[in-house]
Structures are given as structure tokens and as C-alpha cells.
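Report on one structure; see the data block that follows.
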Amino acid sequence: MVRAAGRLNRAGGMPPAGLQIGMAVYDSAAQMPGTLTSFEGRLIRITRPTGFSWDAHPHRVRRATPWERRQLQAIARLHEQRQRAARASP
């Protein structure tokens with residue numbers, strides 16, 4: 001988990017305008033797209049299809065472009081294929 005300035009603010013508050021849980025977003029600080037999974041105080045939680053997640057400042061997050069959404073879908077397919085192959089191996 002990435003923590004801004006070493007701490008996580010759980011004070012609550014209103015979600016940033018235009019951001020909703022479940023939407024594909026791009027974090028410019030991490031330079032990665034992901035899915036917005038929760039609001040953690042003044043931070044938001046973003047998760048990749050592989051399960052990797054981190055907290056981000058809302059002012060550094062924007063909606064994902066169509067290309068970034070396709071990137072997330074491709075990562076999800078690749079991750080699923082690798083998981084299937086790992087389960088099938090003796």
C-alpha cells in the first residue's frame with residue numbers, strides 16, 4: 001500500500017467530483033490506470049486487475065482514456081490466463 005507522506009487520512013468527507021467507485025481511473029503519480037475501489041478519507045484507493053492496490057490523492061487522478069481502459073482489460077485477461085495455467089500445472 002502506498003501512503004502519502006507516510007500516513008493515511010481516514011477523516012471521511014465527500015468523494016471528489018466526477019469520481020465514482022468502480023470507474024477506471026489513471027493515477028498520474030503512479031503512472032498507472034486502475035479501478036477506483038474506495039474512498040479512504042481524503043485519499044482514494046485504486047486497484048489493478050492483478051490485485052495490487054494503492055492510495056492516491058484525488059487531484060492526481062483522472063478518468064481513464066479508452067486506451068487505458070483497454071489496457072486494464074488486457075491486464076485482466078493476461079492475469080486470468082496465468083492463474084489458469086498455474087492451477088493446471090502439477
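The values are calculated or read from the model by the stated rules, or taken from the named source; none is laboratory data. Quick caveat: nothing in here was measured; it's all calculated off a predicted structure. Reconstructed Cβ throughout: ideal geometry from the backbone, glycine too, with neighbour counts over all protein chains shown. In case anyone asks, the SASA skips ligands and DNA or RNA and just uses the protein heavy atoms, side chains included. Shrake-Rupley method; radii C 1.70, N 1.55, O 1.52, S 1.80 Å.
How many residues are part of a loop (DSSP other than H, G, I, E, B) and under 11 Å from Ala29 (Cβ atoms) if we restrict to the stretch 40-69?
Looking only at that region, the number is 1.
Restricting to the stretch 62-90, count the residues that are under 10 Å from Pro33 (Cβ atoms) and aliphatic (A, V, I, L, M).
Count: 3.
State yes or no: is Gln73 over 15 Å from Met23 (Cβ atoms) and either touching an Asp or Glu at 6+ places or on another chain (Cβ under 6 Å) or open to solvent by 70 Å² or more (accessible area, probe 1.4 Å) (or both)?
Details: over 15 Å from Met23 (Cβ atoms): no; either touching an Asp or Glu at 6+ places or on another chain (Cβ under 6 Å) or open to solvent by 70 Å² or more (accessible area, probe 1.4 Å) (or both): yes.
So Gln73 fails the test.
How do the pairs read when you match residues in the stretch 55-72 that are on the phi > 0 side of the Ramachandran plot with residues anywhere that are of a type in the set (Lys, Arg) and crowded, with 17+ Cβ neighbours inside 10 Å, using Cβ under 6 Å and keeping only pairs 6 or more apart or on different chains?
The qualifying pairs do not exist here.
With the checklist (1) modelled with pLDDT of 95 or more; (2) open to solvent by 40 Å² or more (accessible area, probe 1.4 Å); (3) within 11 Å of the chain's Cα centre (by Cα) in hand, flag the one item Pro66 doesn't pass.
Pro66 satisfies every listed condition except (3).
State which residue is farthest from the chain's Cα centre (by Cα) when the search covers only the stretch 14-56 and only residues that are open to solvent by 70 Å² or more (accessible area, probe 1.4 Å) and more than 19 Å from Arg77 (Cα to Cα).
Met14
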